[in-house]
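Worksheet: one structure, shown below.
The values are calculated or read from the model by the stated rules, or taken from the named source; none is laboratory data. In this text, all values refer to a predicted model and were calculated from it rather than measured experimentally. Cβ placement follows ideal geometry from the backbone for every residue including glycine, while neighbour counts extend to all protein chains displayed.
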Amino acid sequence: MDGGTLNVIDIEATCWNGPVPKGMHNEVIEIGLCTIDLDRRERTGRHRILVRPERSRVSAFCTGLTGLTAEEVATGLAFADACALLEREHAAGTRVWASWGDYDRKQFERQCAQTGVRYPFGRRHVNAKAVHAESHGLSRRMGMAAALEHGGLPLEGRHHSGVDDAWNIAALILRLVDRGDWPA
């Protein structure tokens, strides 16, 4: 295992204002990844992987939320290729990874199962949202933007941009590391 490096993942997926339209599926369209060197306590990498949806389209609602257009994601990788890239270039199969909540992990599990694509991650996933709530003695888990505000940290970039959100989540994780509350 790559003990000193943590992958922080935040995805954006196709979405609609209301229920999923008939014949459509929620699909990953952006994978934001920030690496953290836990020993040096710093963010060391920032990566954006666009993913081309195959069983849905980017709605106007989705573009308004994420800033991603259908034309932009059409230039992305196929989901299978994006998963292979995570394994090959970001050691996803052996490196511990974290996300804000369980949505990202569950979406990868669901989409991999639905499409027959190999799940790119290893077994060790940390729900940073849960660790944050426990660290601060909160009865309710906060969204990422609220947690940044609670911690006096700026929201860098655009909220609901996978690459920017991964970067911001990494800042929150580093605060948890500094507090001694990040799981070893």
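Within the stretch 69-107, the residues that satisfy the criterion of being among the hydrophobic types (A, V, I, L, M, F, W, C) and touching a Ser or Thr at 6+ places or on another chain (Cβ under 8 Å) are A70, F79, A80, A91.
Looking at R140, is it free of Cβ contacts under 8 Å to residues at least 24 places away in the same chain, basic (K, R), out of contact with any Lys or Arg (no Cβ under 8 Å at 6 or more places or on another chain) and under 23 Å from D164 (Cβ atoms)? Walk me through how you get there before you give the answer.
Working: free of Cβ contacts under 8 Å to residues at least 24 places away in the same chain: yes; basic (K, R): yes; out of contact with any Lys or Arg (no Cβ under 8 Å at 6 or more places or on another chain): yes; under 23 Å from D164 (Cβ atoms): no.
No, not satisfied.
Can you say whether I169 is in a helix (DSSP H, G or I), at pLDDT 95 or above and within 24 Å of T14 (Cα to Cα), as far as the supplied structure shows?
Numbers: in a helix (DSSP H, G or I): yes; at pLDDT 95 or above: yes; within 24 Å of T14 (Cα to Cα): yes.
Here the answer is yes, as I169 does meet what is asked.
The residue of the stretch 114-123 that is surrounded by the fewest Cβ atoms within 10 Å (Cβ to Cβ), among those that are in a loop (DSSP other than H, G, I, E, B) and either of a type in the set (A, V, I, L, M) or touching a residue at least 12 places away in the same chain (Cβ under 8 Å) (or both), is R118. Exactly one residue among E72, E109, E54 is of a type in the set (D, E) and under 23 Å from A170 (Cα atoms), and that residue is E109. Among residues of the stretch 1-17 being more than 14 Å from the chain's Cα centre (by Cα) and either at pLDDT below 95 or assigned to a strand (DSSP E or B) (or both), the one that is nearest to N168 (Cα to Cα) is T5.
Within the stretch 124-182, the set of residues being surrounded by 15 or more Cβ atoms within 10 Å (Cβ to Cβ), in contact with a Ser or Thr (Cβ under 9 Å, 6 or more places away or on another chain) and either more than 18 Å from D37 (Cβ to Cβ) or among the hydroxyl-bearing types (S, T, Y) (or both) comprises H125, N127, K129, A133, H160, S161, G162. Taking the criterion of being closer than 14 Å to S56 by Cα and not in a strand (DSSP E or B), the residues of the stretch 18-34 that qualify are P19, V20, P21, K22, G23, M24, H25, N26, E27.
A count restricted to the stretch 76-116 and to residues that are basic (K, R) and closer than 19 Å to D37 by Cβ stands at 1.
One residue alone among D164, D81 is touching a residue at least 12 places away in the same chain (Cβ under 8 Å) and among the charged types (D, E, K, R), and that residue is D164.
The set of residues in the stretch 84-111 being in contact with a helix residue (DSSP H, G or I) (Cβ under 7 Å, 6 or more places away or on another chain) and part of a helix (DSSP H, G or I) consists of Q111 alone. Note on the stretch 119-134: residues that are more than 13 Å from the chain's Cα centre (by Cα) and under 17 Å from N7 (Cβ atoms) total 6.
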